[in-house]
Amino acid sequence: MTAVSDHELRTQISTLLNSGLVTDIFPRADSHEDVHKLVNELQLAGNDLNSKLLIAGFTPYPVEHGGVCQLCETCMYYKVHRRYCELPELDVPVEPHWSCRLWRI
């Protein structure tokens with residue numbers, strides 16, 4: 001079994017997001033309860049990439065919510081030098097301008 005590089009996985013995610021994969025971007029996870037619900041759903045999804053993207057509500061563009069432009073680059077889970085989401089239940093490479101429902105300051 002060969003490991004997929006971050007670049008390859010990021011490209012795969014980009015292709016899915018830009019080829020019509022429709023995700024639920026609302027409601028955003030504004031409360032602890034909302035976050036907990038989504039994290040539980042992500043745990044059940046396991047390593048199924050499509051399910052992770054759908055549950056987390058990934059978009060290939062920033063989402064404006066509550067007067068804040070929510071993009072991966074400004075999220076507390078984003079690792080700048082790796083371009084990566086370190087939220088354990090997501091654990092995927094991302095682009096700085098993408099967004100998901102689990103965005104946090």
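Taking the criterion of being under 18 Å from Leu42 (Cα atoms) and in a loop (DSSP other than H, G, I, E, B), the residues of region 77-92 that qualify are Tyr77, Glu86, Leu87, Pro88, Glu89, Leu90, Asp91.
Just to be sure, is Glu95 under 18 Å from Asp6 (Cα atoms) and either part of a strand (DSSP E or B) or of a type in the set (D, E, K, R) (or both)? Considered against the rule, which asks whether it is under 18 Å from Asp6 (Cα atoms) and either part of a strand (DSSP E or B) or of a type in the set (D, E, K, R) (or both), Glu95 comes out as yes.
Selection of first residues in region 90-105 that are under 13 Å from Thr74 (Cβ atoms) and charged (D, E, K, R) and of second residues that are at pLDDT 95 or above and not in a strand (DSSP E or B), restricted to Cβ pairs under 6 Å at least 6 apart or on distinct chains, gives the following pairs, ordered by first then second residue: Arg104/Cys75; Arg104/Met76.
Return yes or no: is Leu16 surrounded by 12 or more Cβ atoms within 10 Å (Cβ to Cβ) and either in a loop (DSSP other than H, G, I, E, B) or over 12 Å from the mean Cα position of the chain (by Cα) (or both)? Here the answer is yes, as Leu16 does meet what is asked. Go through region 3-18 and count every residue that is without any contact (Cβ under 8 Å) to a residue 60 or more places away in the chain and farther than 13 Å from Phe58 by Cβ. Count: 5.
Considering Ala56, Ala3, the condition of being at pLDDT below 95 and either closer than 14 Å to Val92 by Cα or touching a Leu at 6+ places or on another chain (Cβ under 6 Å) (or both) is satisfied by Ala3 alone.
Looking at region 23-49, which of the residues that are under 11 Å from the mean Cα position of the chain (by Cα) and not in a loop (DSSP other than H, G, I, E, B) is surrounded by the most Cβ atoms within 10 Å (Cβ to Cβ)?
So the residue we want is Leu42.
The single condition from (1) buried (at least 18 other Cβ atoms within 10 Å of the Cβ); (2) more than 18 Å from Leu9 (Cα to Cα); (3) not polar (S, T, N, Q) that Ile55 fails is (2). Kindly list, by first and then second residue, each pair from a residue in region 24-41 that is modelled with pLDDT of 95 or more to a residue that is basic (Lys, Arg) and assigned to a helix (DSSP H, G or I), limited to pairs with Cβ atoms under 9 Å and residues at least 6 apart or on different chains. Qualifying pairs under 9 Å: Ala29/Lys37. All conditions in (1) touching an Asp or Glu at 6+ places or on another chain (Cβ under 6 Å); (2) not in a loop (DSSP other than H, G, I, E, B) hold for Cys69, with the sole exception of (1).
The values are calculated or read from the model by the stated rules, or taken from the named source; none is laboratory data. Everything numeric in this text was worked out from a predicted model, so none of it was measured. Because the Cβ atoms are built from the backbone with ideal geometry, glycine has one as well, and the counts that use them run over all protein chains shown.
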